[in-house]
């Protein structure tokens, strides 16, 4: 391994560069050119260590971050991930990773470069180019790409492994909810728009369905006699039918009396078979996400006056997913336990329920109210010593 100085004349001026020459483990000669001797010496140390560890990847053979990102997408597809998932990966790669760092070769990535990329994401978020949770999501995807590159021996070391991006608590997203008067307005508006919109509104605002679960719902999953709806499949935004989001998303939800009446009216009008979708398009297929919004959700929101102006255009006031959060908030306000809310919402863990709605549960079950209940029990309703069960008062260290 050696470093040589190379000079040449260009435009009447003498220019210089420093060339690192070395042999890889297979005997193949490689050379890398640098503008300063210090850069060449730094690279000498890197290459020496990589060759010693057997992890060297030459700059000429190194893939770019963008190319590694495409390998990530290909793996997601080969592993059978849903189209909506790998399309989301592709969107983040195209919009947020490739423009900022995509052209850099993996072998030239350093921790400093990765930290600069992280800081740029945070700056873009402050300027409104990314949502509050956007930087953390983009950076987590980038770290997955780097982990894949490391697994495939495309990089000598994963320089992103110990670089973290934490979302400040003040930026953490809280779910958006409809107010109760807005829910009533939406339900009233849906009745004016016909049985389909009425059934849609009652299922989404009062029963917490995900948009994909509503698109995939068939009449087989609706039991009007028992008053339940069973979620057993979903339809992605391209109409592909698949299982629900997680194992716990398979669930049966009791229906409100108003929803039962709305579904009865829709079924009477449509006269469907059990295999038919509850909210089909004109060809009997599940609706796309765009159709679900434009033909069902937006008409209800516009009829109810639940709109806002965005860049001169009238848009719905809140997202469709806000109906799901609203359902949970209603259940919590009614006194449903967190565990029951988890099961009815189809959350994969109780922690998700607390992360999303813990502040509502805290408001419902305030510490002051809980401690007053303790006072009521201990000071007012405590059984006399004569009635105290044997063995419960003779050992202060029992529990």
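What follows is calculated from the coordinates using simple rules that are stated; it is not laboratory data. It should be emphasised that the depicted structure is a prediction, and the values quoted were computed from it without experimental measurement. Cβ atoms come from the backbone with ideal geometry, glycine included; neighbour counts cover every protein chain shown.
Using 7 Å Cα-to-Cβ label points, what is the residue 223/residue 241 separation (nm, one decimal)?
2.0
Taking the number of other C-beta atoms within 10 Å as the exposure measure, put 8, 205 in order starting with the fewest.
By the 10 Å Cβ count, ascending, the order reads 8, 205.
Give me Rg over Rh for the range 191-232, both radii from the alpha carbons and Rh done the Kirkwood way, two decimal places.
0.95
Using alpha-carbon pairs under 8 Å, 6+ residues apart, how would you state the relative contact order of the range 180-330 in percent?
32
If R0 is 25 Å, what FRET efficiency do you get for residue 35 and residue 162 from their C-beta distance, rounded to 0.05?
0.30
How high is the relative contact order of the range 65-171, given as a whole-number percent (alpha carbon pairs under 8 Å, six or more residues apart)?
Computed over the range 65-171, the figure is 31 percent.
Going by average Cβ neighbours within 10 Å, how do the peptides 179-186, 13-20 rank, with the highest at the top?
Sorting 179-186, 13-20 by mean packing, highest first, produces 179-186, 13-20.
Taking the number of other C-beta atoms within 10 Å as the exposure measure, put 64, 287 in order starting with the fewest.
64, 287
Using a Debye calculation, one point per C-alpha and no hydration shell, please list log10 I(q)/I(0) for the range 180-330 at q = 0.11, 0.13, 0.15 Å⁻¹ in order.
-0.38, -0.54, -0.73
On the principal axes of its Cα set, how long, how wide and how thick is the range 65-171? Give whole Å, largest value first.
37, 32, 23 Å, listed from the longest principal axis down.
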